[in-house]
Structures are given as structure tokens and as C-alpha cells.
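The values are calculated or read from the model by the stated rules, or taken from the named source; none is laboratory data. In this text the structure is predicted, and so the values were computed from the model without any measurement. All Cβ positions, even for glycine, are placed from backbone atoms using ideal geometry, and neighbour counts span all protein chains on display. When the accessible area is computed, the model is the full protein with side chains, heavy atoms only, and any ligands, DNA or RNA have been set aside. Shrake-Rupley method; radii C 1.70, N 1.55, O 1.52, S 1.80 Å.
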Amino acid sequence: MSDDDAVKAAERWREAAPDAVLLDGFHALKHALRFGAEVRCAITSDRAAVLELAEGLAADVTDRLGELVTEVPPETLRELLPRVHPTKVAALAARPGRGANTETMARLPRRAPIVVLDNPRNLGNVGAVVRLAAGFGATGVITTGDLDPWHPNAVRAGAGLHYATAVEHLPAEAFPPGPLYVLDPEGEDIRSVPLPDDALLVFGSERHGVSAELRGRATRLLSLPMRPQVSSYNLATSVAMTLFHWGGGDPEPVPAPGP
């Protein structure tokens, strides 16, 4: 490690940090690279360990990591990060443009639904849903309300897979076209309703459910099967069940749409 390289990496980090997405840990950085993120700076306190981890878990990005990651002293890493991930690596990347994401979600015909989280309250749940959406090949994830779906806690929970699908915060009036299939306890049993590829699948907040506005706009209300006296499922579980139903139980996820 060159002291000069470490100093320059810390300077680049401080310059990029205000407008960048924090990729906290190896898996977030790995996925971001796989799905085309523009990584501006990557730092670690143990470069050899990061590259060894890459060789074992993600050989496809090892060379790129070798080009990007600069080793800095442990105290510098602690100074630059709100907390140090156990893998001792972090990066900063550009956030995808809002226009590109909204264009992707508006493009018809769609090959996979869009997941809408109406006023979610937990950033970890948002990230878990993004991870599910990426795995199932959903076209995108929209959130309403006051949480930023690109908050570092959401990106951490999503393991950097925000770059594998279109993720945006949008008001209801800016939703892309498509029928609204709203998950609601009073809806039809989802098992009897095929879900079209162009659907917007709407899920309410963890505590209050779907807003009256979106419930009133619903093309159909759907409910998930649930044993009596069980009050609810976790938000990510509900999304997983719904996407699995959409896919017909097919173990091969539909690829995410290209640009």
C-alpha cells in the first residue's frame, strides 16, 4: 500500500460521497459491478482479503475489483464510513438517472410486473424487496411516501441489487401505465387470479396497508392465503409470494429488461 495512493483514495471518497450511493460490503459492491454500476471509488483496509473473497465467491468481477479497490489504513476506513462492514470494503457509485429508470418502467410491452411499495416504513424491508425483485426479474420497484429507496440502509439490505432493476421513488400520478393489482385482506384469493406481465403489484405499508387513494384506483384487489388469526405477513414475504404466483412457480426467473 502506498501512502500516497491511500491519501488520494480518501480524497476521492470525500469528494464523491455527497452525491453517491454507498455500497457497503463485498456483496453490495459485487452485485453493483455485475449490473453495470459506475463505481467511482472503492476502499478497503485489507485488499488481499477482498481479492481472495472475490476469487472464491465472484471470480467474474475479481479483475475489476483489482483495478478499483485501494487499500487504506484501518483508521481511515473507520473515519470515512458510518460503520465498517465485516468484509472491510466499501465503494461509492453513481445513482442511476431518474429518467432512465422511469423510461424503463414505462416501456411497453413489459415482460415482468413492477412492484409498488406504498409508503413503506422500514428501509430494510425496502432493500429486501429490491433483492427479491432483482431475483425474479421484475421490471422495477417504485416506492411512495417519504423514504428514499436508495438510502444506504436499503442498498445494504438489497445487497447492491438496486442496479439490477429500476428503483425509483414516484408519486401515484407519475406511475407508469398498467393495471393496478392491490394486495388487500378483502381482495380475491390471489391463487385464482392470473397476474399479467404489465401489472403494477401494490403492497401497503407494514402497519397501515395500502392508502385509500391507491385502493380506490385498483384494477383488482387480491389477498394472500393466510391461516385464521394470523394478522399479516412480512412485507418482503408478501412480495415473494406474489411474484412466485406471477411466475407460475417457474424456478427460472425472467431476465430483467435491458435498457
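Within the range 146-164, work out how many residues are open to solvent by 50 Å² or more (accessible area, probe 1.4 Å) and of a type in the set (V, I, T).
So the answer is 0.
Determine whether V202 is touching a residue at least 60 places away in the same chain (Cβ under 8 Å), of a type in the set (V, I, T) and either surrounded by 14 or more Cβ atoms within 10 Å (Cβ to Cβ) or not in a loop (DSSP other than H, G, I, E, B) (or both).
Working: touching a residue at least 60 places away in the same chain (Cβ under 8 Å): yes; of a type in the set (V, I, T): yes; either surrounded by 14 or more Cβ atoms within 10 Å (Cβ to Cβ) or not in a loop (DSSP other than H, G, I, E, B) (or both): yes.
Yes; evaluated as a whole, the condition is true for this residue.
Going by what's in this entry, would L80 be described as at pLDDT 95 or above, more than 18 Å from the chain's Cα centre (by Cα) and under 17 Å from V155 (Cβ atoms)?
Values: at pLDDT 95 or above: yes; more than 18 Å from the chain's Cα centre (by Cα): yes; under 17 Å from V155 (Cβ atoms): yes.
Here the answer is yes, as L80 does meet what is asked.
Checking the conditions here, which among R78, R40, R83 is under 24 Å from E15 (Cβ atoms), part of a strand (DSSP E or B) and among the charged types (D, E, K, R)? Don't jump to the end; show me each part of the working.
Working: R78 fails: part of a strand (DSSP E or B); R83 fails: part of a strand (DSSP E or B).
Answer to the selection: R40.
Among the candidates V130, V167, single out the residue that is crowded, with 18+ Cβ neighbours inside 10 Å and either under 19 Å from M241 (Cα atoms) or touching a Lys or Arg at 6+ places or on another chain (Cβ under 8 Å) (or both).
Details: V167 fails: either under 19 Å from M241 (Cα atoms) or touching a Lys or Arg at 6+ places or on another chain (Cβ under 8 Å) (or both).
One residue alone meets the criteria, V130.
Condition first: in contact with an Asp or Glu (Cβ under 8 Å, 6 or more places away or on another chain), surrounded by fewer than 20 Cβ atoms within 10 Å (Cβ to Cβ) and not in a strand (DSSP E or B). Now tell me which residues in the range 205-231 satisfy that. Please lay out each step first, then the result.
Looking only at the range 205-231, we keep the residues that are in contact with an Asp or Glu (Cβ under 8 Å, 6 or more places away or on another chain), and these are 205, 209-211, 214-215, 218, 220-223, 225.
Those still in the list that are surrounded by fewer than 20 Cβ atoms within 10 Å (Cβ to Cβ) too: 205, 209, 211, 215, 218, 220-221, 223, 225.
Result: S211, R215, A218, P225.
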